[in-house]
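Inspection log for the structure reproduced underneath, given as structure tokens.
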Amino acid sequence: MISLTEVRKEYPGGVVALDGVSLEIGGGELVAIVGPSGSGKSTMLNMLGTLDRPTSGGVRIAGYDTARLSDAQLSALRARRIGFVFQQFHLSPGVSALENVADGLLYCGRRPAERRRRATAALERVGLGHRVRHRPSELSGGERQRVALARAVVGDPPLLLADEPTGSLDSAAGAGVMDLLLDLHAAGTTVVLITHDREIAERLPRRVHMRDGRMVQDSAAPPLAAVNARRALAGDRGGSTAIANERQAP
Ligand SMILES: Nc1ncnc2c1ncn2[C@@H]1O[C@H](COP(=O)(O)OP(=O)(O)OP(=O)(O)O)[C@@H](O)[C@H]1O
Ligand SMILES: [Mg+2]
């Protein structure tokens, strides 16, 4: 579903936030990204979500080599396939929770009434059915986080990327959000989440540890030799069919 190959990200000013990260995540996986503050977790999630392009290295999402896609094609790929929960929520301040969530469907070709119906259902799912008319400034931090989660899942994306989705929640609300993520995973969604919460990370089937822009441990990493052997057996897949597919709009 996703692969990063030797991804390096250097921000202007010279910070190397990712320093040669290679990672494969299969469809339907549930992966925790853990590591100290500043280790490159959010930067990596931005790469997985095609929100930012790497300085060097490759990012493939659902078979598409993202380097070959225009910004417009990447936006289309994101709108159809990827739900995000950002560390800073990124909600629109001037409109209600309902409209914030419904806006998650703007690029999916749904009619306004259908968008509102689905947005209401998504808010109910995160326990905010009684707050649909509230603006972000009229919600608690944890409630805003749940609005952001509702917006991320309202379009049923096959891939959900969540940056600290339980970061500002108490343990009960955090457990509710985790249950929702586990339900989505059980229903087939690929979920990648960043968490500082050790208990949460330990309950998840796969953990990727970051430090200083490098992946220092991957609990599910197959031995490199096996990966190389599989690649050799598969032959060079960069042939004409793959490239032809990539040229189509996502
Ligand atoms: N836009 C930017 N410009 C310059 N440097 C940046 C930018 N964004 C992040 N960095 C730097 O890149 C490094 C990695 O940042 P990143 O946000 O990926 O860390 P993180 O692991 O998500 O940390 P946290 O747990 O605190 O959220 C940090 O040293 C940070 O200061
Ligand atoms: Mg971060």
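The values are calculated or read from the model by the stated rules, or taken from the named source; none is laboratory data. In this text the structure is predicted, and so the values were computed from the model without any measurement. In this analysis, Cβ positions are derived from the backbone assuming ideal geometry, glycine residues included, and neighbour counts consider all displayed protein chains.
Given the criteria within 16 Å of ligand 1 (Cβ to nearest atom) and surrounded by 15 or more Cβ atoms within 10 Å (Cβ to Cβ), does Leu4 qualify?
yes
Against the condition over 18 Å from the mean Cα position of the chain (by Cα), within 11 Å of Ser3 (Cα to Cα) and either surrounded by 14 or more Cβ atoms within 10 Å (Cβ to Cβ) or among the small types (Gly, Ala, Ser) (or both), how does Gly57 come out, does it pass?
Yes; evaluated as a whole, the condition is true for this residue.
Pairs, please: C-beta under 9 Å, at least 6 apart or cross-chain, first residue under 16 Å from Arg78 (Cβ atoms) and in the stretch 101-114, second modelled with pLDDT of 85 or more and surrounded by fewer than 17 Cβ atoms within 10 Å (Cβ to Cβ)?
From the stretch 101-114, the pairs are Asp103/Ser92; Asp103/Val95; Leu105/Glu114; Tyr107/Ser75; Tyr107/Ala76; Tyr107/Arg80; Cys108/Arg80.
For every residue, the table says whether it meets (1) aromatic (Phe, Trp, Tyr); (2) assigned to a helix (DSSP H, G or I); (3) within 16 Å of ligand 1 (Cβ to nearest atom).
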| residue | (1), (2), (3) |
| --- | --- |
| Leu106 | no, yes, no |
| Ala121 | no, yes, no |
| Gly127 | no, no, no |
| Glu143 | no, yes, no |
| Arg146 | no, yes, no |
| Gly155 | no, no, no |
| Leu160 | no, no, no |
| Thr166 | no, no, yes |
| Ala172 | no, yes, no |
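Is there any pair linking a residue in the stretch 194-217 that is closer than 18 Å to Leu160 by Cα to one that is among the acidic types (Asp, Glu) and surrounded by 15 or more Cβ atoms within 10 Å (Cβ to Cβ), with Cβ under 6 Å and at least six apart or on different chains, and which?
Correct list of pairs: Ile194/Asp163; Ile194/Glu164; Val208/Asp218.
Take the residues in the stretch 27-54 that are surrounded by fewer than 20 Cβ atoms within 10 Å (Cβ to Cβ) and among the charged types (D, E, K, R), then tell me which one is nearest to ligand 1 (Cβ to nearest atom).
Residue satisfying both the conditions and the ranking: Asp52.
Return the residue satisfying two criteria in turn: it lies in the stretch 10-19 and is over 9 Å from Ser56 (Cβ atoms) and more than 6 Å from ligand 1 (Cβ to nearest atom), and of such residues it is surrounded by the most Cβ atoms within 10 Å (Cβ to Cβ).
Selected residue: Leu18.
Given (1) within 17 Å of the chain's Cα centre (by Cα); (2) under 19 Å from Val85 (Cα atoms), identify the lone condition not met by Ala173.
(1)
So Gly155 passes all but one of these: (1) out of contact with any Ser or Thr (no Cβ under 7 Å at 6 or more places or on another chain); (2) closer than 23 Å to Ser96 by Cα; (3) free of Cβ contacts under 8 Å to residues at least 60 places away in the same chain; (4) surrounded by 14 or more Cβ atoms within 10 Å (Cβ to Cβ). Which condition number does it fail?
So the condition that Gly155 fails would be (3).
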